[in-house]
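The values are calculated or read from the model by the stated rules, or taken from the named source; none is laboratory data. Note that the structure is predicted; figures quoted are calculated from it, not measured. So basically every Cβ, Gly included, is an ideal-geometry build from the backbone, and we count neighbours across all protein chains shown.
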Amino acid sequence: MQYLPNILFFLLLVAGVGYFTKNIRTVVRNIKLGIPVAISDHKKERYGNVARIALGQSKLLKRPISGALHAIVYLGFIIINIEVLEIIIDGLLGTHRIFAFLGGFYDFLIATFEILALLVLVSVVLFWTRRNVLKIKRFLSPEMKGWPKQDGNIILYFEVVLMGLFLLMNSSDYALQQMGAAHYTQAGSYPVSSLFAGIFDTMSQSSLIVIERTAWWLHITGILIFLNYLYFSKHLHILLAFPNVYFGSVTQKGQFKNNQAVTAEVKMMMDPSADPFAAPAPDAPPPPKFGASDVMDLTQVQLLNAYTCTECGRCTSECPANQTGKKLSPRKIMMDTRDRLQEVSKNIDANAGVFVPDGKQLLKDYISTEELWACTTCNACVEACPLSIDPLSIIMDMRQYLVMEQSAAPSELNGTMTNIENNGAPWPFNQMDRLNWAKE
Amino acid sequence: MSDLLKVPTMADFMAQGKQPEVLFWVGCAGSFDDRAKKITKAFVKLLNNAGVEFAVLGTEESCTGDPAKRAGNEFLFQMQAVTNIEVLNAYKVQKIVTACPHCFNTINNEYPQLGGNFEVMHHTQFLKTLLNDGRLKVEGGKFKGKKITFHDPCYLGRANGEYEAPRDLLRKLEVELVEMKRCKTNGLCCGAGGAQMFKEPEPGNKDINVERTEEAVDTGASIVATGCPFCNTMMTDGVKHKEKEDQVQVMDVAEMIANASEL
Ligand code: SF4
Ligand code: SF4
């Protein structure tokens, strides 16, 4: 019986990590539904970006207040989680504060964790106020109603509870240490939790142990729940930010990729020896689909982008179309892509691993043509995104589908394109008049 | 004045068995749009004045395909690109300058994978090298001390990271350069990009060019300088919309330099 807690802890850990692993495998599977992209170039620059943009959060800090708060919560959270390592070892081996042998360094670590925990608590309260009390425009867009808004708050409550439990665990431990309780050897320094250890003065040692143990168990359980919550929330970015920034574009923002399928087609048309009326060879692959109407037509990087998006709305708040009241919101483009991908994922799960067409797609069922045609391709969203996400590339791919597969451009643009085709200019002027300005 | 413009074509150079120093890619707006033609001419005056041996393609030039690509017609874009690249390669063109950031971006970034490898410069970058080489004189003239703001064209700024060349030129004009709140990497689009120039905007509560013009007017500048024929149109329309034509003028950086030297 004496190993019961160890066994329980082991099972809890296996369940928590196991379910998380399963969901991450689903994410990977879903991303692989996209078109593969071979990225092996610019390694140095890419790692540099990861260090600067993902780890260093350089783009977030462009908005100093929210950037600094985020940095505190992020750093605090990461560093405090070193403590989780000790908790796991203690849980498995039945030890208590196994790293205590580090002595002075241990004191330093625990003290740092405590101060960070306090800072995280303060930042989280400020974050909550920003989200719920201050009327900050980017948190009020239509796409933020309902679940996305809740999601943003839930994660803040999580942090409050986890930090609270961490401090409760420490303060009761500290009180027990003062009492000289067995197993609670003097270890660590508790600049924050010692402040309110006084509330335990009147308690018996046994009830204090119950409090300490409960806080300890709830804290680690909370962390495992948090880990598993990520998959269902915008908070996947704490993991995906790194690969996403790595795979982000390293070319000039103005360089839109040239559609390879079209290049092949154009080459054939320009080839004087090709017979345009020849029947296709019987074993010829089906003609490629130009552009994107659903998530499977997007690249794996674009799908990774969708899972990484943290719904911060920095893109949307810089978007000229959105700022002037158009329906387009680059954040919504990313959220829609993820929602549709999750819908496809559930479909695959329900149908023994194969996608059964459901009569829906990303285009129109999620993203309207009105949104797509409002974009000026200005790249403000791409520039603003702290995670190197590219909403514009999805907009462009969907426009390609509309125009090349459906001939569904706005009528004025059809006129423009006819002009380019016939006159070599977007206006109905004759190409032979192109140099007239020099004589005027 | 304009009869003084020397605008040789690539064909002229070819006939003499010579290569120009640089090809001036005029672009559709620069060739056909009445307002943009003035920018073209101002730039040519500067080139003539600096003794730059340049040539244009003239009637052999065609749309780069930028509006087609941004409208989603990749097919038409690539047809235009391949045709243009054939012409440019046939003339063994190496260096291109253009006064249109869209042409600049397309030829610079999207032609290489289709077989067109050229050194491409925006006209403000080119003018700056002329200035550095002592071939071009940029002096304040009538702009000296005037309050000027520069509107960053998306396809020069964010798209290609060039924010300083036009500003350096403006500083040489000894103007008082004031920045709008949203400038450089955060610059707000004029509303023309992505083929929006050629269609009505989607329903909203304001036109983008009006939003941008308000910001420009708020700086108190008497001239909104820019480096793109489309931005120029959008901002000019915005100024008209706000009925500020008496107070605010929209000018290309090249026009200002030509104007200052009374060319
Ligand atoms: S590129 Fe399009 S979606 Fe992105 S900010 Fe500009 S207009 Fe908005
Ligand atoms: S795309 Fe980037 S900027 Fe836009 S909401 Fe997502 S994370 Fe924020």
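Just a few scattered comments:
- Just one of the listed residues (A:364, A:346) is closer than 23 Å to residue B:203 by Cα, without any contact (Cβ under 8 Å) to a residue 12 or more places away in the chain, away from ligand 1 (no atom under 14 Å from the Cβ) and among the basic types (Lys, Arg), namely A:364.
- Whichever residue in the range B:140-175 is among the basic types (Lys, Arg) and more than 27 Å from residue A:250 (Cα to Cα) and, among such residues, is farthest from ligand 2 (Cβ to nearest atom): B:142
- Of all residues making up the range A:355-382, the number that are more than 7 Å from chain B (Cβ to nearest Cβ), within 25 Å of residue A:312 (Cβ to Cβ) and among the hydroxyl-bearing types (Ser, Thr, Tyr): 2
- Residues of the range A:359-402 satisfying the condition of being over 21 Å from the mean Cα position of the chain (by Cα) and at positive phi: A:359, A:364, A:377
- Per-region count, the range B:134-159, residues modelled with pLDDT under 95 and either in a helix (DSSP H, G or I) or acidic (Asp, Glu) (or both): 4
- Conditions (1) in a loop (DSSP other than H, G, I, E, B); (2) β-branched (Val, Ile, Thr); (3) within 11 Å of another protein chain (Cβ to nearest Cβ): number failed by residue B:83: (1)
- The helices (runs of 4 or more DSSP H) found wholly in the range A:238-326 and carrying at least 2 residues that are within 14 Å of chain B (Cβ to nearest Cβ) and modelled with pLDDT of 90 or more occupy A:260-270, A:314-318, A:320-323.
- Residues located in the range B:1-34, provided they are part of a helix (DSSP H, G or I) and within 18 Å of residue B:49 (Cβ to Cβ): B:2, B:3, B:4
- The residues in the range A:299-320 that are within 23 Å of residue A:361 (Cβ to Cβ) and more than 16 Å from ligand 1 (Cβ to nearest atom) can be counted, and the count is 7.
- Selection of helices (runs of 4 or more DSSP H) fully inside the range B:191-263 by the criterion of at least 3 residues being within 26 Å of residue B:44 (Cβ to Cβ) returns B:229-241, B:253-260.
- Any pair with Cβ under 7 angstrom, 6 or more apart, that starts in the range A:86-103 at a residue that is surrounded by 15 or more Cβ atoms within 10 Å (Cβ to Cβ) and ends at one that is charged (D, E, K, R) and assigned to a loop (DSSP other than H, G, I, E, B): A:86/A:97; A:90/A:97
Residue by residue, here is whether (1) modelled with pLDDT of 95 or more; (2) crowded, with 16+ Cβ neighbours inside 10 Å; (3) among the polar types (S, T, N, Q) holds:
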{"site": "A:340", "(1), (2), (3)": "yes, yes, no"}
{"site": "A:344", "(1), (2), (3)": "yes, yes, no"}
{"site": "A:348", "(1), (2), (3)": "yes, yes, no"}
{"site": "A:366", "(1), (2), (3)": "yes, yes, no"}
{"site": "A:380", "(1), (2), (3)": "yes, yes, no"}
{"site": "A:388", "(1), (2), (3)": "yes, yes, yes"}
{"site": "A:418", "(1), (2), (3)": "yes, no, yes"}
{"site": "A:435", "(1), (2), (3)": "yes, yes, no"}
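- Qualifying residue in the range B:139-157 (condition: among the aromatic types (Phe, Trp, Tyr), within 14 Å of another protein chain (Cβ to nearest Cβ) and either over 21 Å from residue B:20 (Cα atoms) or surrounded by fewer than 20 Cβ atoms within 10 Å (Cβ to Cβ) (or both)): yes
- Residue A:405 being within 28 Å of the chain's Cα centre (by Cα) and more than 16 Å from ligand 2 (Cβ to nearest atom): no
- Residues of the range A:372-401 satisfying the condition of being more than 10 Å from ligand 1 (Cβ to nearest atom) and acidic (Asp, Glu): A:397
- Test for residue B:136: is it over 19 Å from residue B:68 (Cα atoms) and surrounded by fewer than 24 Cβ atoms within 10 Å (Cβ to Cβ): yes
- Flag if residue A:51 is out of contact with any strand residue (DSSP E or B) (no Cβ under 7 Å at 6 or more places or on another chain), part of a helix (DSSP H, G or I) and free of Cβ contacts under 8 Å to residues at least 40 places away in the same chain: yes
- Filtering the range A:113-169 to residues that are among the β-branched types (Val, Ile, Thr) and closer than 17 Å to residue A:314 by Cα leaves only A:136.
- Residue B:212 satisfies every condition listed in (1) under 15 Å from the mean Cα position of the chain (by Cα); (2) touching a residue at least 40 places away in the same chain (Cβ under 8 Å) except (1).
- Given (1) in contact (Cβ under 8 Å) with a residue 60 or more places away in the chain; (2) within 16 Å of ligand 1 (Cβ to nearest atom); (3) facing chain B (nearest Cβ under 10 Å), index of the condition residue A:404 fails: (2)
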